[in-house]
Amino acid sequence: MPTDTSDAPPPSPRRTRAETREAAINAILDVATAEFVEKGLAGARIDEIAGKATKRKIYYYFGSKDELYRAVLERAYRRVRASETTVDIESGSAVDALRRLIEHDVRYHSQHPELVRLVMNENIHRAEHLKQIADLQTENRGVIRLLGAIIARGEAEGLFRAGIEPVDLHMNMTALAFYNVSNQFTFAHNFGVDMTSPAAIDHRAAQVADILLAWVRLPPLE
């Protein structure tokens, strides 16, 4: 007796060759990210990464462990930069815009600890691999342009003091966002503070925004 398929969902469209390739690459990068985060570039082993992705595929797409590491690093950077472009910096005042961007960055770093670990590891290598990734420096500087626009708007609105450098603001944002990840285990042990719960991350995001806004804003008139 034939089966009634009138209520069955339509079959999923078949992936194109490009989509299949992208999915395979991302699957390898997911496994490789965990390996590099845990063991660093020197300690990571292709054999371990190949537990779920064969060596043949890894070398086909990336050629070497160093190239695979650079691809992992590049994806992590491009993802954080892409996430920042989704933040609403148009509505409200410049203070509102900057608060949203700061809080976004703190939450993003806390929710993506792999970014912090990879950047810490790359600093051990003195940015040797970062320097070899084409166009990434230009993309990373997009956040400086974003902050520059917010700062200029804040000055025009009479809310920010003059002379705030976008690079300085970004450095302070990143430093404070990093701390929640880079020091979470030692700080939790020493002081019994939970730094990983959603409530703790929200509290920290608001706190960092308060600190940086106090720095950029004009002092109140006496």
- prompt: Which angle between 0 and 90 degrees, to the nearest 10, do you get for helix 94-111 versus the longest principal axis of the chain when only C-alpha atoms count?
  reply: 40 degrees
task: For helix 198-216, report the angle its Cα long axis makes with the longest principal axis of the Cα atoms of the chain; keep it between 0 and 90° and round to the nearest 10°.
output: 40 degrees
query: What angle do you read, to the nearest 10 degrees and between 0 and 90, between the alpha-carbon axis of helix 166-182 and the longest principal axis of the chain?
result: 60 degrees
query: Contour minus end-to-end for ASP96 and TYR60, with contour as 0.36 nm per residue of separation and end-to-end as the Cα-Cα distance?
result: 8.2 nm
statement: Calculated from DSSP helices alone, with each H run of at least 4 adding -39500 (n - 2.57) and the total divided by the residues of the chain, [θ]222 nm to the nearest 500 comes to -22000 deg cm²/dmol
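No value in this document is a laboratory result; all are computed from the given coordinates. Model, not experiment: these values are computed from the prediction.
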